[in-house]
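S.K.: Before I ask anything, let me first share the structure, which is written out below as structure tokens.
The values are calculated or read from the model by the stated rules, or taken from the named source; none is laboratory data. Keep in mind it's a predicted model, so treat the numbers as computed, not measured. FYI the Cβ positions are ideal-geometry reconstructions off the backbone, even for glycines, and counts take in every protein chain you see.
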Amino acid sequence: MTPPIDPRETRDRLSRRHWPVTPIRSELQVSFEFFPPKTRHGWNTLIDTALDLQPLEPSFVSVTYGAGGSTRQPTLRTIETLNAAFDMPVAGHLTGVGGTEDDVHRLIDRYVEIGVERIVALRGDDPEVLESQPPRGYQSAESLVRAIRARPDGARFDISVAGYPEVHPKAESARADIESLKRKVDAGADRVITQFFYDNDAFLRFHDRARSAGITVPIVAGIMPVHDFARTVSFAAKCNASIPAWMHELLGGLDDAPEIRQMIAATVAAEQCRELVEHGIRGFHFYTLNRAGLSGAVVRMLGIRPRSAAADIDGQPGEGWSSVS
Ligand SMILES: Cc1cc2nc3c(=O)[nH]c(=O)nc-3n(C[C@H](O)[C@H](O)[C@H](O)COP(=O)(O)OP(=O)(O)OC[C@H]3O[C@@H](n4cnc5c(N)ncnc54)[C@H](O)[C@@H]3O)c2cc1C
């Protein structure tokens with residue numbers, strides 16, 4: 001006969017179970033990336049997203065800059081709005097190509113005027129523009145970073161640059177790619193934010209290569225939770241980001257089952273981050289696609305809870321990055 005279940009024993013067993021991530025709260029850094037909205041609906045969505053993510057106290061939120069300088073005004077407007085209305089540091093993306101050197105510095109001046117001193121410095125690319133026009137502006141992120149640091153106010157900026165765990169599509173080799181990354185860090189970057197990836201082994205190998213090459217600044221993992229699998233696959237192909245076969249099995253064919261897809265997508269991204277935390281990675285940059293749900297859920301699964309929730313649980317005002325455990 002099956003013995004009766006002892007409720008105390010069940011309680012004890014349950015209390016010993018925990019999400020197997022033991023984040024070191026003060027060490028984890030998260031940031032969220034947005035793009036400039038094009039429509040009123042898009043604006044409302046972005047504002048709602050920022051409202052939802054703000055309590056998670058990101059290190060910063062960043063706003064992308066359209067290829068070839070195509071979103072100069074919308075990017076500025078978005079940065080201005082976020083910077084004025086929210087209590088989160090804002091970083092402006094900035095591309096070296098697509099405008100003249102003067103254009104680039106005018107934009108930096110404007111960032112400074114509105115109090116934005118964080119820059120994600122990129123070469124940027126718009127194949128059509130780049131191929132049809134003579135080269136202008138800064139032709140590499142390295143020269144852009146150097147130019148920012150050479151300004152009279154150059155020391156004030158916090159500069160991030162892009163890294164490519166699975167190698168930039170145009171790089172001659174993985175080695176050349178790391179050498180290029182080293183040059184742009186040496187030019188004055190404070191951190192590397194990576195292209196999104198789903199293959200943690202590829203990221204960890206990249207991380208090792210970068211450290212072996214003498215790159216010592218923080219390397220922040222670029223995480224893009226899957227909102228729409230078909231679009232993710234097509235975007236990944238352009239960026240040289242591989243999609244492991246198991247992701248096709250888990251997330252393929254769920255177009256008509258959005259709730260299930262979301263739950264799986266959140267689990268996949270949380271598991272990805274959890275494994276990276278176990279390998280010592282402490283910085284995560286979320287490509288939010290201007291939506292709060294998945295990125296916010298994953299950040300919570302990393303053990304970061306909003307200030308208000310911290311207050312509820314502790315019975316006292318929240319103190320920012322509080323531990324769940
Ligand atoms: C976190 C992140 C944010 C991004 N945000 C934006 C954005 O807001 N707007 C936008 O338009 N794009 C953005 N991009 C995309 C980026 O602009 C493209 O990937 C672009 O092709 C390269 O930009 P980069 O700054 O890495 O360039 P670079 O670092 O200058 O070069 C890219 C690659 O080219 C090769 N290379 C560089 N110099 C040389 C050389 N001298 N000889 C040989 N090979 C060389 C290297 O392999 C290098 O990795 C972003 C990418 C990331 C990862």
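S.K.: Going by the structure shown, is residue 172 free of Cβ contacts under 8 Å to residues at least 12 places away in the same chain and near the ligand (Cβ under 8 Å from one of its atoms)?
M.R.: So residue 172 fits the description; yes.
S.K.: Still on this structure: Within the stretch 17-30, identify whether any single residue is buried (at least 19 other Cβ atoms within 10 Å of the Cβ), away from the ligand (no atom under 16 Å from the Cβ) and at pLDDT 65 or above, and answer yes or no.
M.R.: Yes, the stretch 17-30 contains a residue that is buried (at least 19 other Cβ atoms within 10 Å of the Cβ), away from the ligand (no atom under 16 Å from the Cβ) and at pLDDT 65 or above.
S.K.: Additional query: From 136, 123, grab the single residue that is of a type in the set (Lys, Arg), more than 13 Å from the ligand (Cβ to nearest atom) and touching a Ser or Thr at 6+ places or on another chain (Cβ under 9 Å).
M.R.: 136
S.K.: Does residue 208 satisfy being assigned to a helix (DSSP H, G or I), more than 11 Å from the ligand (Cβ to nearest atom) and either free of Cβ contacts under 8 Å to residues at least 12 places away in the same chain or in contact with a His (Cβ under 9 Å, 6 or more places away or on another chain) (or both)?
M.R.: Yes.
S.K.: Taking the residues in the stretch 155-166 that are closer than 23 Å to residue 196 by Cα and part of a loop (DSSP other than H, G, I, E, B) as candidates, determine which candidate is farthest from the ligand (Cβ to nearest atom).
M.R.: 166
S.K.: Go over the candidates 276, 250, 302, 294 one by one and state the one that is closer than 21 Å to residue 46 by Cα and either of a type outside the set (S, T, N, Q) or in contact with a Pro (Cβ under 8 Å, 6 or more places away or on another chain) (or both).
M.R.: 294 is the lone residue from the list that is closer than 21 Å to residue 46 by Cα and either of a type outside the set (S, T, N, Q) or in contact with a Pro (Cβ under 8 Å, 6 or more places away or on another chain) (or both).
S.K.: Could you give me the residue pairs with C-beta distances under 6 Å whose first residue belongs to the stretch 136-159 and is closer than 11 Å to residue 121 by Cα, whose second residue is among the charged types (D, E, K, R) and not in a loop (DSSP other than H, G, I, E, B) wherever it lies, and which are 6+ apart or on separate chains?
M.R.: Short answer, once both residue conditions are applied: 141/184; 142/183; 142/184; 145/184; 158/118.
S.K.: Let me ask something else. For residue 152, all conditions in the list (1) within 9 Å of the ligand (Cβ to nearest atom); (2) surrounded by fewer than 17 Cβ atoms within 10 Å (Cβ to Cβ) hold save one; what is the number of the exception?
M.R.: (1)
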